[in-house]
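Asker: My questions all concern the structure below.
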Amino acid sequence: MTVLLLASLTLPRSVQAASDFYLLYRQWQPYDWPEEVPSATEISRSQRGLGWNSQSAAGGFGADYDYQPLRIRTGEPAHNGHLHRLTFGGQWQHRLYRLEARAGFAGTSNIFKYREFHSDVVNGRVAMFRQVSEGSPLSLGVGGDHRFGSFRWLPRVRWKHTNDNGHWLVDLPVLMQWQSSGERWGLRLERKGDRWATLDGAREVEGALYLREWRAELTYRIRSAENLWPAVVLGLGASVDTRVRYQDLESGTLDLRLGDALLGSIRLGW
């Protein structure tokens with residue numbers, strides 16, 4: 001974090017931009033265990049996050065951290081369900097080209113507690129686009145990430161448009177977003193997915209957990225930031241076709257569909 005702050009301070013005045021800091025809490029409705037197992041209980045899920053982002057005409061840069069407990073209380077999962085993720089990155093525009101990149105560390109809490117890291121703890125995503133022509137709202141590109149499970153490259157089509165009704169952004173096949181002209185309302189449909197490195201309780205079995213879903217969320221800003229008071233944004237949505245893949249010490253690798261769940265969120269921004 002110190003390196004990021006120093007880099008920001010050394011930028012010329014013309015390049016520096018407004019920065020913001022946020023806190024986030026998101027809670028899902030419990031998932032039902034997908035199989036008929038007598039000892040199975042509901043799977044609870046929540047997320048706490050914080051981050052810093054800076055935006056300018058040339059792009060943006062930021063750092064984000066989130067902690068996501070995913071409590072699977074059946075079988076012998078080779079992980080403790082406490083998922084931590086810290087990433088750095090942003091997006092940059094140069095003439096017809098746009099680059100989006102993030103890299104960081106993601107793993108269960110015991111990996112960081114005992115500092116027993118393995119290769120799956122390093123994580124990231126990247127995408128590059130080129131506008132069809134100068135001033136065109138359409139860009140073509142390619143992106144690689146864990147949104148659909150294991151890391152894979154997919155073609156991407158990006159389109160953006162602004163009118164009196166707000167700002168539209170479509171990034172197929174991973175994102176559709178609308179924000180009202182006053183930035184009070186927002187609607188987002190996004191493919192979410194990532195990988196966390198795992199370690200069993202005895203710290204002998206190294207593995208990975210993959211969590212992916214389609215998430216739709218409607219947000220409403222009930223107040224703007226003013227002096228020391230934060231902006232407050234409430235969200236309501238749903239996760240659809242949520243799937244999790246992980247290693248069970250008794251059953252081997254499991255790839256389960258947790259199903260669909262409603263969610264609510266609150267975000268504070270300064």
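Asker: Within the group Arg195, Arg188, which residue is at pLDDT 95 or above, more than 30 Å from Ala78 (Cβ to Cβ) and basic (Lys, Arg)? Steps first, answer last, please.
Answerer: Values: Arg195 fails: more than 30 Å from Ala78 (Cβ to Cβ).
From the options Arg195, Arg188, the qualifying one is Arg188.
Asker: Only one of (1) open to solvent by 70 Å² or more (accessible area, probe 1.4 Å); (2) at pLDDT below 80 is not met by Arg48, so which one is it?
Answerer: (2)
Asker: Restricting to region 54-111, what's the tally of residues that are in contact with a helix residue (DSSP H, G or I) (Cβ under 8 Å, 6 or more places away or on another chain), among the polar types (S, T, N, Q), open to solvent by 50 Å² or more (accessible area, probe 1.4 Å) and part of a strand (DSSP E or B)?
Answerer: 0
Asker: Does Phe117 satisfy being in a loop (DSSP other than H, G, I, E, B), more than 30 Å from Val232 (Cβ to Cβ), of a type in the set (Phe, Trp, Tyr) and open to solvent by 80 Å² or more (accessible area, probe 1.4 Å)? If you could, list the steps in order and put the result at the bottom.
Answerer: Working: in a loop (DSSP other than H, G, I, E, B): yes; more than 30 Å from Val232 (Cβ to Cβ): yes; of a type in the set (Phe, Trp, Tyr): yes; open to solvent by 80 Å² or more (accessible area, probe 1.4 Å): yes.
Yes; evaluated as a whole, the condition is true for this residue.
Asker: Now a separate question. Working only within region 19-45, note down all residues that are within 20 Å of Arg102 (Cα to Cα) and modelled with pLDDT under 90.
Answerer: Filtering region 19-45 down to residues within 20 Å of Arg102 (Cα to Cα) leaves 19-24.
Ser19 - this is the single residue of region 19-45 that is within 20 Å of Arg102 (Cα to Cα) and modelled with pLDDT under 90.
Asker: Just to check your reading of the model, which residue among Trp229, Trp214 is open to solvent by 30 Å² or more (accessible area, probe 1.4 Å), among the aromatic types (Phe, Trp, Tyr), free of Cβ contacts under 8 Å to residues at least 60 places away in the same chain and within 30 Å of Gly144 (Cβ to Cβ)?
Answerer: Details: Trp229 fails: within 30 Å of Gly144 (Cβ to Cβ).
Going through Trp229, Trp214 in turn, the sole match is Trp214.
Asker: Mind listing whichever residues of region 132-158 are part of a loop (DSSP other than H, G, I, E, B) and either of a type in the set (Val, Ile, Thr) or within 30 Å of Arg184 (Cβ to Cβ) (or both)? Give the derivation first.
Answerer: First pass over region 132-158, keeping only residues part of a loop (DSSP other than H, G, I, E, B): 132-137, 146-151.
Once the filter is applied, which keeps residues that are part of a loop (DSSP other than H, G, I, E, B) and either of a type in the set (Val, Ile, Thr) or within 30 Å of Arg184 (Cβ to Cβ) (or both), region 132-158 yields Val132, Gly135, Ser136, Pro137, Arg147.
Asker: Taking the residues in region 250-265 that are assigned to a strand (DSSP E or B) and open to solvent by 70 Å² or more (accessible area, probe 1.4 Å) as candidates, determine which candidate is farthest from Gln68 (Cα to Cα). Explain how you work it out, then say what you get.
Answerer: We begin by selecting, within region 250-265, every residue assigned to a strand (DSSP E or B); these are 252-265.
Adding the requirement that they be open to solvent by 70 Å² or more (accessible area, probe 1.4 Å) leaves 253, 257, 260, 262.
Numbers: Thr253: 21, Arg257: 18, Asp260: 17, Leu262: 16 Å.
Top of the filtered list is Thr253.
Asker: So which residues in region 174-211 are touching a residue at least 60 places away in the same chain (Cβ under 8 Å) and either over 18 Å from the mean Cα position of the chain (by Cα) or farther than 17 Å from Val244 by Cβ (or both)?
Answerer: So in region 174-211, the residues touching a residue at least 60 places away in the same chain (Cβ under 8 Å) come out as 194-201, 203, 205-211.
If the condition is that a residue be touching a residue at least 60 places away in the same chain (Cβ under 8 Å) and either over 18 Å from the mean Cα position of the chain (by Cα) or farther than 17 Å from Val244 by Cβ (or both), then Thr198, Leu199, Asp200, Gly201, Arg203, Val205, Glu206, Gly207 are the ones that fit.
Asker: Out of Gly59, Gly89, which single residue is under 30 Å from Val142 (Cβ atoms), modelled with pLDDT of 95 or more and of a type in the set (Gly, Ala, Ser)?
Answerer: Numbers: Gly59 fails: modelled with pLDDT of 95 or more.
Being under 30 Å from Val142 (Cβ atoms), modelled with pLDDT of 95 or more and of a type in the set (Gly, Ala, Ser) holds for just one of Gly59, Gly89, which is Gly89.
The values are calculated or read from the model by the stated rules, or taken from the named source; none is laboratory data. Note that this is a predicted model, so its numbers are computed, not measured. Cβ: placed from backbone, ideal geometry, glycine included. Neighbour counts: every protein chain shown. Heads up: the accessible areas ignore ligands, DNA and RNA and are worked out on the full protein's heavy atoms, side chains in. Shrake-Rupley method; radii C 1.70, N 1.55, O 1.52, S 1.80 Å.
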